[in-house]
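What follows draws every value from the coordinates through simple rules; no lab data is involved. Computed from a predicted model, the values in this text were never measured in an experiment. Note: ideal-geometry Cβ built from the backbone for every residue, glycine included; neighbour counts use all protein chains shown.
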């Protein structure tokens, strides 16, 4: 069959036609790209504006919570009428202080704090929360002031009851026993915390509303990055719970001679396993943990006065006053008596300021 006009035309002009089509498609492509670029730019501007507005709302919410904490502060640490709620407020830098952490969550509303335990340390700042699940002696260093925080003391029974109410039977994922965790606070959590602290403005509301608000806070926590750790905190037979029991036992009997065999039996672990898991949880060995508790208690008693270094050494479990003086100086940089005078002078200056 002879070729048609159309086919001859295509063979003759095909290259030119193809080139023209390519140019047109390129031109159209450039137009589409230009349009998409403008749309993308508008979208980016909108997203940036939304992010900025969200951050402004977050700052405003934290400022409101900080103001509520300031209204009800009574010194550095303030116990409140709301069960398990403690407020922390500091306006000026102070020397590092020794604290024995209980199981708790610290919500940092303003400023920043570094906690040092053995070979480990954690820095938590504004808008973040810090979870600790066992008794732990630490040295706290306030790195930014003003500092404002709300502390929720953990009660495993309250958590377990909430999990039952939520019908939450999910097994917690495996994690290191007693691990300390830092994470950002969500806007919903900040809102619940603010309402919790503001209950102190109306004392009559505390009894009917505090427990409900605390449950809401715990619900938000269980739904967030701390959820796994909090679920494990409620398990009485877990390895984490057994390490917590050992830490609590040492804290209650710090002045007594320490037997690793006794502690291992208490934890239902071999001595080697206990040592490994205890150090993973606390950053120190059981013996170092005990020594830290002894030295912190000795320092507290010396600052309180009306005693001597020798009497304090004996009271906290040291048989040798020489060993006590040596370990105290290594920990705090001065002999016990001189360190006590220095601390009392600092406290006096702080009160005058």
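Can you confirm whether the stretch 221-230 contains a residue that is surrounded by 15 or more Cβ atoms within 10 Å (Cβ to Cβ) and within 24 Å of residue 72 (Cβ to Cβ)? Within the stretch 221-230, one or more residues are surrounded by 15 or more Cβ atoms within 10 Å (Cβ to Cβ) and within 24 Å of residue 72 (Cβ to Cβ).
Condition first: in a helix (DSSP H, G or I), within 24 Å of residue 133 (Cα to Cα) and under 22 Å from the mean Cα position of the chain (by Cα). Can you find one or more residues in the stretch 261-277 that meet it? Checked against the condition, which is being in a helix (DSSP H, G or I), within 24 Å of residue 133 (Cα to Cα) and under 22 Å from the mean Cα position of the chain (by Cα), the stretch 261-277 yields at least one hit. Restricting attention to the stretch 228-254, the residues that are touching a helix residue (DSSP H, G or I) at 6+ places or on another chain (Cβ under 7 Å) and outside any helix (DSSP H, G or I) total 4. Say whether the condition of being within 24 Å of the chain's Cα centre (by Cα), at negative phi and buried (at least 18 other Cβ atoms within 10 Å of the Cβ) is met by at least one residue in the stretch 203-210. Scanning the stretch 203-210, I find at least one residue that is within 24 Å of the chain's Cα centre (by Cα), at negative phi and buried (at least 18 other Cβ atoms within 10 Å of the Cβ), so the answer is yes. Determine which single condition residue 248 fails, assuming it passes every other condition in (1) surrounded by fewer than 18 Cβ atoms within 10 Å (Cβ to Cβ); (2) without any contact (Cβ under 8 Å) to a residue 40 or more places away in the chain. Going through (1) surrounded by fewer than 18 Cβ atoms within 10 Å (Cβ to Cβ); (2) without any contact (Cβ under 8 Å) to a residue 40 or more places away in the chain one by one, residue 248 breaks only (2).
When residue 188 is tested against (1) within 15 Å of residue 132 (Cα to Cα); (2) surrounded by fewer than 17 Cβ atoms within 10 Å (Cβ to Cβ), only condition (1) is not met. Please tell me if residue 141 is assigned to a strand (DSSP E or B), in contact (Cβ under 8 Å) with a residue 40 or more places away in the chain and in contact with a strand residue (DSSP E or B) (Cβ under 8 Å, 6 or more places away or on another chain). Spelling it out, residue 141 is indeed assigned to a strand (DSSP E or B), in contact (Cβ under 8 Å) with a residue 40 or more places away in the chain and in contact with a strand residue (DSSP E or B) (Cβ under 8 Å, 6 or more places away or on another chain). Which of the residues belonging to the stretch 303-325 are free of Cβ contacts under 8 Å to residues at least 40 places away in the same chain, in a helix (DSSP H, G or I) and closer than 24 Å to residue 345 by Cβ? Of everything in the stretch 303-325, those that are free of Cβ contacts under 8 Å to residues at least 40 places away in the same chain, in a helix (DSSP H, G or I) and closer than 24 Å to residue 345 by Cβ turn out to be 304, 309, 310, 311, 312, 313, 324, 325.
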